[in-house]
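Student: Quick one: this structure, given as structure tokens, is what I'll be asking you about.
The values are calculated or read from the model by the stated rules, or taken from the named source; none is laboratory data. Just so it is clear, the structure is predicted and the values come from calculations on it, not from any experiment. With ideal geometry, Cβ positions are generated from the backbone for all residues, glycine too; neighbour counts draw on all protein chains shown.
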Amino acid sequence: MRYLEVATSFHLFIKQKFKELDSFMQTSSSKELPKLELKPLLSNFRYVFLGQDFIFLIIINSYLSDVEEEMLLRVLREHN
């Protein structure tokens, strides 16, 4: 029962954070976005931009094949 309470609470927290991000993205222009400081990653990770205009930066496993990477990005874009 405790797991269900934690999972529900976490789901509501994430949902709220996505609403806040969506609100921020709708009211902000790309000119207002801060410059990203890309830090060195461990060798098994790399940066990939998810959205247009290099706005949404994500970190993925560097061992994904090109096909796997494209499939992952397609799913993430669908749920963006």
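Student: Quick check on region 57-72. Is at least one of its residues in a helix (DSSP H, G or I), surrounded by fewer than 11 Cβ atoms within 10 Å (Cβ to Cβ) and at pLDDT below 75?
Tutor: No: zero hits.
Student: While we're looking at this one, here's another question. Please find, within region 1-29, the residue that is modelled with the highest pLDDT out of those that are loosely packed, with under 10 Cβ neighbours inside 10 Å and not in a helix (DSSP H, G or I).
Tutor: For region 1-29, the residue satisfying everything is S29.
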